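Everything on this sheet refers to the single structure shown next.
The values are calculated or read from the model by the stated rules, or taken from the named source; none is laboratory data. Here the structure is a predicted model, which is why all the values come from computation and not from measurement. Glycine gets a Cβ as well: all are built from the backbone with ideal geometry, and neighbour counts include every protein chain shown.
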Amino acid sequence: MSGEQAQSKKRAGLLRSSAVVGVMTMLSRVLGLARDVVVASYFGASGSADAFFVAFKIPNFLRRLFAEGAFSQAFVPVLSEYRTQRDLEAVKQLVNYVAGTLGSILIAVTVLAVIGAPMLTALFAPGFYMGDEGKFELAAQMLRITFPYLLLISLTAFAGAVLNSYERFAVPAFTPVLLNISLIGSAIFLSPLFDPPILALAWGVMIAGVLQLVFQLPFMARIHLLPKPVWGWRDEGVQRIMKLMIPALFGVSVTQINLLLDTVLASFLQTGSVSWLYYSDRLAELPLGVFGIAIATVILPSLSRKHAEQSSEHFSSTLNWAMQMVMLIGIPAAVALFILAEPMLITLFHYGALTDRDVEMAAMSLRAYSCGLLAFMLIKVLATGYFSRQDTKTPVKIGIQAAAANMVFNLILIGPFAHVGLAAATAMSAFMNAGFLLYGLIQSGVFTWSSGWGKQLFRMLAANMAMAAAVIWVAVPSEQWLVMDIWQRITNMGVLVLLGVSVYVVVLLVLGLRPRHLRHRS
């Protein structure tokens, strides 16, 4: 088999793995939207909803920062190296030490956070402390219930990282489904049992953490890597992971830090601002999670092995493939979110407690987030190019610059544009982050542009323009969506989505894109 054939086969494997992760993540995101529909219907954009979103966002933010962000990006390259260069016993020992060390640290952090929940709430939502006292106390109460989720989901992410390293991508990708099921069930069945009813959602988060961790353990046992936790702070592998992890805290998670800063500043704005940002962010995260994170998850073990094998050509080729896949999907997703902001929000959330004004406010921030969607997705892929080479310092420097720029943009835009300015600032800083990451990969010589990029960009630009024109021509004003019943909304949205996808795909095919181009370099 020639080198090009081998690389083509490898790319086909990456495409299949990305598809599997994408399908599982799509299921999770669809259920996540169903969860948000239920939450919006039961609690709307009320003060209690604002309090829950803060109480949930704090451990969720730390999960993304530590577990799915810094820890996974530091752990997977080291584990891949152990798997490539050492025997199974060495791999088992590393897994045991990491499980014991990570678990012990997380238990200590969780205990401190539960004790200091009011201080954490004041730190992450200072506007609650200075404004509505009842909202602040409710958020602190729920944070004591939701924070142990960090411990449980971080161990879940550890298990998922091991499974991903052994190409068992489907199980970790399916696991978030359990969170959505738990929250939906809690809102419907448990909320009547609590006073206030919103407390049921906090307990739903805790239940989900237990379910997610327990679900993955049998699959770890199948690959003979079910951990026996041992404290191993001084182990050489653990030390390497910690050294990589500390700077990586800023690397891939800058987007999440920026979104959290949005919440901090939004707590000073009118009631509902936190919820408006939450609902719009959830829609923007759908393509990010289904495609951006899926592709980054799949290429990390591959890039780590290519780096260990010193296969620079294949390393660059894999990054080119990942970037093209992200742009092929990310750009039309961003265009659709921008054009159909109100119809999507109305179709999904405009029931029960969510008002017409809530839809209008959330639509404005959704459009701002959609402008940065491509950058959010590219950050996931480009940062992987650094972490797979165990270079965490460079993304940190870039991340600090982007975070500082985001804060400046926030302070400039929050006055005239309120919560929309916060979303716009996040999008602007994301493009800065992605641009610097790409420039660094090019300057270091590990990434070179493959042939055919110009033709591919022309195809995507033409297809997106045609798709946008078709959807705008057919779509009806948002006022008409507000008076439709649920089935009319779903039918009309289905027609618009089908039309947009069809036009996009047809134009790409007319301009010469073929399925083989998803596997081979042009």
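Summary of computed values
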quantity	calculated
Members of segment 341-371 that are part of a loop (DSSP other than H, G, I, E, B) and either modelled with pLDDT of 90 or more or surrounded by fewer than 24 Cβ atoms within 10 Å (Cβ to Cβ) (or both)	HIS350, TYR351, GLY352, ALA353, THR355
For VAL420: the one exception among (1) over 22 Å from ASP356 (Cβ atoms); (2) buried (at least 19 other Cβ atoms within 10 Å of the Cβ)	(1)
Qualifying residue in segment 390-400 (condition: of a type in the set (Ser, Thr, Tyr), within 30 Å of GLN270 (Cβ to Cβ), crowded, with 22+ Cβ neighbours inside 10 Å and touching a helix residue (DSSP H, G or I) at 6+ places or on another chain (Cβ under 6 Å))	no
Among the candidates THR448, THR426, THR394, residue that is among the hydroxyl-bearing types (Ser, Thr, Tyr) and within 18 Å of the chain's Cα centre (by Cα)	THR426
Search result, residues across segment 57-114 that are among the basic types (Lys, Arg) and either modelled with pLDDT of 90 or more or under 22 Å from the mean Cα position of the chain (by Cα) (or both)	LYS57, ARG63, ARG64, LYS92
Failed criterion for GLY440 (all others in (1) modelled with pLDDT under 90; (2) more than 27 Å from the chain's Cα centre (by Cα) hold)	(2)
One residue from ILE246, ILE184, ILE153, ILE207 being in a helix (DSSP H, G or I), of a type outside the set (Gly, Ala, Ser) and surrounded by 24 or more Cβ atoms within 10 Å (Cβ to Cβ)	ILE153
Flag if LEU457 is in the same structural domain as ILE246 (by TED's automatic domain parsing) and in a helix (DSSP H, G or I)	no
Residue satisfying condition, being in a helix (DSSP H, G or I) and in the same structural domain as ALA336 (by TED's automatic domain parsing), within set VAL408, VAL446, VAL471	VAL408
Test: GLN216 is buried (at least 17 other Cβ atoms within 10 Å of the Cβ), out of contact with any strand residue (DSSP E or B) (no Cβ under 7 Å at 6 or more places or on another chain) and within 21 Å of LEU143 (Cβ to Cβ)	no
Any chance THR426 is in contact (Cβ under 8 Å) with a residue 12 or more places away in the chain, in a helix (DSSP H, G or I), farther than 22 Å from HIS350 by Cα and of a type in the set (Val, Ile, Thr)	yes
Some residue of segment 413-420 being at positive phi and part of a helix (DSSP H, G or I)	yes
Cross-chain or 6+ apart pairs with Cβ under 9 Å, segment 491-509 first and over 14 Å from TRP481 (Cα atoms) and in the same structural domain as LEU457 (by TED's automatic domain parsing), then at pLDDT 90 or above and surrounded by fewer than 16 Cβ atoms within 10 Å (Cβ to Cβ)	VAL503/ALA469; VAL507/ALA462; VAL507/MET465; LEU508/ALA462
Residue within segment 84-100 that is in contact with a helix residue (DSSP H, G or I) (Cβ under 9 Å, 6 or more places away or on another chain), part of a loop (DSSP other than H, G, I, E, B) and more than 27 Å from SER186 (Cβ to Cβ) present	yes
Meets criteria (closer than 15 Å to PHE61 by Cα, in the same structural domain as LEU226 (by TED's automatic domain parsing), of a type in the set (A, V, I, L, M, F, W, C) and crowded, with 21+ Cβ neighbours inside 10 Å) for ALA125	yes
Selection count, segment 210-243, where residues are assigned to a loop (DSSP other than H, G, I, E, B) and in contact (Cβ under 8 Å) with a residue 40 or more places away in the chain	11
One residue from PHE338, PHE315 being in a helix (DSSP H, G or I) and modelled with pLDDT under 80	PHE315
Filtered residue count, segment 156-181, keeping only those that are assigned to a helix (DSSP H, G or I) and either in contact with a strand residue (DSSP E or B) (Cβ under 9 Å, 6 or more places away or on another chain) or among the β-branched types (Val, Ile, Thr) (or both)	5
Selection within segment 258-278 - modelled with pLDDT under 70 and either surrounded by fewer than 22 Cβ atoms within 10 Å (Cβ to Cβ) or not in a helix (DSSP H, G or I) (or both)	LEU260
Pick from segment 1-53, criterion in a helix (DSSP H, G or I), over 23 Å from the mean Cα position of the chain (by Cα) and at pLDDT 65 or above, ranking: nearest to SER267 (Cα to Cα)	GLY47
Residue match in segment 434-456 (condition: polar (S, T, N, Q) and under 30 Å from PRO343 (Cα atoms))	no
